[in-house]
1. Taking θ = phi - 60°, what integer Hz values does the Karplus form 6.51 cos²θ - 1.76 cosθ + 1.60 yield along the range 52-65, in sequence order, with x for Gly and Pro?
2. I'd like to check one number: the per residue accessible area of the range 2-137, probe 1.4 Å, reported in Å² as a whole number.
3. Can you give the extra length, in nm with one decimal, that the chain gains between residue 20 and residue 128 once fully stretched, where that is 0.36 nm per residue apart less the Cα-Cα distance?
4. Which three lengths, in whole Å and largest first, does the range 18-84 cover when its Cα atoms are put on their principal axes?
5. Hey, could you grab the Kirkwood Rh for the chain? Inverse mean 1/r over distinct alpha carbon pairs, Å, one decimal.
6. How far, in degrees from 0 to 90, does helix 18-33 lean away from the longest principal axis of the Cα atoms of the chain, to the nearest 10?
7. Pairing the Cα long axis of helix 2-13 with the longest principal axis of the chain, what angle in degrees results, from 0 to 90 and rounded to the nearest 10?
8. Hey, any idea what % of the chain's accessible area is carbon plus sulfur with a 1.4 Å probe?
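The values are calculated or read from the model by the stated rules, or taken from the named source; none is laboratory data. No experiment lies behind these values; they were computed from the predicted model shown. Counting neighbours? That spans all protein chains shown, and the Cβs are built from the backbone with ideal geometry, glycine included. We work out accessible area using only protein heavy atoms, side chains counted, and drop any ligands, DNA or RNA first. Shrake-Rupley method; radii C 1.70, N 1.55, O 1.52, S 1.80 Å.
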Amino acid sequence: MQQFWRLYRLQKKISAGVMHDILTFFLSRCAHRHGGYIGPDTVMKSELSLPHGLHGIFISRYATIGENCCIYQNVTIGEVNRKAPAIGDNCLIGAGAVIVGDITIGSNVKIGAGAVVSSDVPDNCTVVSQPMRILPK
């Protein structure tokens with residue numbers, strides 16, 4: 001996992017060119033080997049906390065993820081028409097959650113295991129169930 005983050009940081013430092021493409025290739029291979037996918041253009045403001053590694057995690061290349069986020073296994077952060085979610089700071093995303101579409105997830109949000117989120121979520125809330133229910137703090 002440390003190798004993945006080293007490759008990720010190096011790939012973000014190099015903006016374009018052949019070396020960027022080579023690093024993107026190795027980054028994708030490393031993620032695939034661990035059973036996940038993080039798009040090469042994904043914006044992460046800090047390293048994610050992945051307690052179970054990349055196992056089953058899919059993050060769209062158009063997604064934006066804030067600082068200090070924790071993502072458990074089998075989470076999908078997907079896109080619709082090349083638009084993906086923007087996730088705020090200090091979020092926790094439970095196992096098997098699906099977040100999809102051009103939506104905004106506020107800061108300090110907890111998304112429960114198995115929840116399917118397809119609309120905006122305000123700050124300091126908990127989202128559970130399918131269809132989603134927002135539980136205020």
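1. 10, x, 8, 4, x, 8, 10, 10, 4, 5, 9, 6, 10, 10
2. On a per-residue basis, the range 2-137 sits at 53 Å².
3. Stretched fully, the residue 20-residue 128 segment lengthens by 35.0 nm.
4. For the range 18-84, the Cα extents along the three principal axes come out at 32, 27, 21 Å.
5. By the Kirkwood definition, the hydrodynamic radius is 15.0 Å.
6. Compared with the principal axis, the helix lies near 50 degrees.
7. 80 degrees
8. Taking all protein chains in place, the chain shows 53 percent carbon and sulfur surface.
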